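Below is one structure, written out as structure tokens, with a few remarks after it.
The values are calculated or read from the model by the stated rules, or taken from the named source; none is laboratory data. The structure displayed is predicted, hence computed values, not measured ones. Using ideal geometry, Cβ is built from the backbone for each residue, glycine included, and neighbour counts are taken over all protein chains shown. The protein model used for the area step is the full one, side chains on, heavy atoms only, and it has no ligands, DNA or RNA in it. Shrake-Rupley method; radii C 1.70, N 1.55, O 1.52, S 1.80 Å.
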Amino acid sequence: MDVYKKRKIVYGDTAISGNWRVKVHLITYREKFGAVNVLQNAISNLPKWLEEFSRIDLPISMIGSLIVHEGKDGVWTLLSFWAGGNMLRTTTFYSPFTDESDFQLLERGSMACVWELAVIDHERRAWVKHVLMNCIPDYAAYLNDTLTADV
């Protein structure tokens, strides 16, 4: 196991797919995020993924987040959205560096590493602050509450 080293987390943008708003966060162990092709392919797959994964028997918010993490072993992509008011539905994919358009779905449940959990924790805190603690949820404030940090 390697000794822990901080990684860069950068807010990329908010992707729009139909009525969906998806905050995009990028993580890399390098000086600068380099998995641009995976990012572009992930964003182009959003309509298909959101339609497929949002078929659950709970109300969904049409708001989520996308983490694209350039790791040392490949690129990890986590797509999450809020369902049932307070639950985060997450799907994880892996893309090898040899094929940046190949998104291998991890079918036995989601997983997140310590750097991805920093983004998930930020999203949780933002959801509680801007949506759950208000009589009238402030979705715009949630979407504007982003994370850029070395974690």
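Miscellaneous remarks
- Any hit, region 33-49, residues being closer than 19 Å to TYR139 by Cα and aromatic (Phe, Trp, Tyr): no
- In region 94-106, residue nearest to LYS48 (Cα to Cα) [restricted to those that are in contact (Cβ under 8 Å) with a residue 12 or more places away in the chain and assigned to a strand (DSSP E or B)]: LEU105
Quick grid of which residues meet (1) closer than 22 Å to GLY12 by Cβ; (2) touching an Asp or Glu at 6+ places or on another chain (Cβ under 8 Å); (3) of a type outside the set (A, V, I, L, M):
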{"site": "GLY71", "(1), (2), (3)": "yes, no, yes"}
{"site": "TRP82", "(1), (2), (3)": "yes, no, yes"}
{"site": "GLY85", "(1), (2), (3)": "no, no, yes"}
{"site": "TYR94", "(1), (2), (3)": "yes, no, yes"}
{"site": "THR98", "(1), (2), (3)": "no, no, yes"}
{"site": "ASP102", "(1), (2), (3)": "yes, no, yes"}
{"site": "GLU107", "(1), (2), (3)": "no, no, yes"}
{"site": "ILE120", "(1), (2), (3)": "yes, no, no"}
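- Residue match in region 49-67 (condition: open to solvent by less than 80 Å² (accessible area, probe 1.4 Å), within 22 Å of GLY12 (Cα to Cα) and assigned to a helix (DSSP H, G or I)): yes
- Output for region 70-93, where each listed residue is in contact (Cβ under 8 Å) with a residue 12 or more places away in the chain and surrounded by fewer than 17 Cβ atoms within 10 Å (Cβ to Cβ): LYS72, GLY84, GLY85, ASN86, MET87, LEU88
- Taking the criterion of being free of Cβ contacts under 8 Å to residues at least 24 places away in the same chain, open to solvent by less than 90 Å² (accessible area, probe 1.4 Å) and outside any helix (DSSP H, G or I), the residues of region 107-145 that qualify are GLY109, ASN134, PRO137, ASP138, ASP145.
- In region 26-40, the residues that are open to solvent by 50 Å² or more (accessible area, probe 1.4 Å) and in a helix (DSSP H, G or I): VAL36, ASN37, GLN40
- Matching residues, region 55-96, being over 16 Å from the mean Cα position of the chain (by Cα), on the phi > 0 side of the Ramachandran plot and not small (Gly, Ala, Ser): none
- Of the residues ILE43, ILE9, the single one that is assigned to a strand (DSSP E or B), among the β-branched types (Val, Ile, Thr) and either within 20 Å of ILE120 (Cα to Cα) or open to solvent by less than 40 Å² (accessible area, probe 1.4 Å) (or both) is ILE9.
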